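Only the coordinates and a few stated rules stand behind these numbers; no lab work does. Note that the structure is a prediction, hence the values are computed from the model and not measured. All Cβ positions, glycine included, derive from the backbone under ideal geometry; neighbour counts span all protein chains shown.
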Amino acid sequence: MEVRLKKEILGIQFDDLTRSEAAQAGAALLDEDKFHYVVTPNPEFILAAERDSEFRQVLNGADLVLADGIGVVYSAKIQGTPLKGRVPGIEFAADMLNCLNQRGGRLYLLGAKPGVAEEAGRNIVEQHPNITLCGTQDGYFSDEEAVLLKVAAAHPDLLFVCLGAPKQEKWMARWGRHTGARMAIGLGGALDVFAGKVARAPESWQKLGLEWAYRLTKEPQRAGRMAKLPLVLVKAAGTRLKKS
Ligand code: UDP
């Protein structure tokens, strides 16, 4: 596999890719006959990984580490190691679905509340007729091994793991290679979006880097989590000061 340029932001090694470069890299991974996993860290992940070394290793061990969210892009800039841009997980997922549709392949959806993955799957297959939805499983289970066996028995090519962080990343690193899939992607609340339960911000907000603010208006209970985010920017400034 080609060597890609990595940029370290507060302990996490990000791939410095545009959305289309990430899609190309993802397509190449999907063509390889072995397991790969993709992570999409946002500033909350960065803070959590500072305190959780297993999580940090799992993130840095991924085949693709994509900068999900404007907070990562700002941190990179403040730190003096700018990234080409952000690659929202949901957009990378859409690109991988197009790729799977072109080749024809099997998709498994793991995560979210009961019924959501099925609904997401119906919507995805409606738009991608060459994709076979080979299975779904909600994200509220206790027996990890039983879920692994269920996923493996469905023989997926592509697997979306949507359990929230760090659960989804740890699940992929621990069990992913036993699923037989070529790629697993950790995608947080993406199944809720594909199911039409949660809307993404209008494009004009996305372009302004305000997707987080839109989400806050829809899910005000996230305020506590988001209040920590300026801390990432301050830490990035600290890193820059240390370097200068
Ligand atoms: N979730 C799950 N199992 C759990 C905890 C969460 O399947 O034990 C799901 C939850 O229903 C939601 C997603 O994981 O669909 C996480 O969403 P969150 O908003 O935390 O992720 P983000 O989009 O911020 O990465």
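Just a few scattered comments:
- Convex hull of the chain built on C-alpha atoms - directionally averaged projected area, nm²: 12.7
- Residue 44 sits among other residues whose Cβ lies under 15 Å from its own Cβ, and their net charge, with Lys and Arg +1 and Asp and Glu -1, is +3.
- Two-decimal log10 I(q)/I(0) for the range 97-191, as the Debye equation yields it once each C-alpha is a single scatterer, q = 0.18, 0.23 Å⁻¹: -0.73, -1.21
- For the range 34-125, the fraction of alpha-carbon pairs lying more than 19 Å apart is 54 percent, rounded to a whole number.
- Value of relative contact order over the range 74-142, rounded to a whole percent, pairs C-alpha under 8 Å and six or more apart: 33
- GNM result for the chain, Cα springs below 10 Å: residue of 62, 23, 199 fluctuating most strongly: 199
- For the range 14-69, fraction of C-alpha pairs farther apart than 17 Å, in %: 39
- For 78, 131, 9, order by how many other beta-carbon atoms lie within 10 Å, fewest first: 78, 131, 9
- Projecting label points 7 angstrom from Cα along Cα→Cβ for residue 32 and residue 50 puts them 3.2 nm apart.
- Restricting the range 74-182 to chymotrypsin sites (Phe, Trp or Tyr not before Pro) in coil, as DSSP defines it, with at most 11 other Cβ within 10 Å: 140
- Simple rule: put +1 on each Lys or Arg Cβ and -1 on each Asp or Glu Cβ in the range 113-244, find the dipole, and look at 133, 232, 152; the Cα lying farthest toward the positive end is 232.
- Magnitude of the charge dipole, the chain, Cβ model with Lys/Arg +1 and Asp/Glu -1, debye to 20: 900
- Rough spin-label spacing in nm, given labels placed 7 Å along Cα→Cβ, for residue 227 and residue 127: 3.5
- When the chain is treated as a Gaussian network with alpha carbon springs shorter than 10 Å, the biggest mean-square fluctuation among 147, 39, 73 belongs to 147.
- Neighbour net charge for residue 140 - beta-carbon separation under 13 angstrom, K R +1, D E -1: -1
- log10 of Debye I(q)/I(0), alpha-carbon scatterers only, for the range 166-231 at 0.11, 0.17, 0.24 Å⁻¹: -0.39, -0.81, -1.08
- GluC sites (Glu not before Pro), loop per DSSP, at most 15 other Cβ atoms within 10 Å - longest free stretch of the chain: 33-244
- The chain: DSSP helices with Cα axial extent of at least 15 Å and average Kyte-Doolittle hydropathy no lower than -1.0: 19-31, 89-103, 116-127, 229-243
- Relative contact order of the chain, taken over Cα pairs closer than 8 Å and 6 or more residues apart, is 24 percent.
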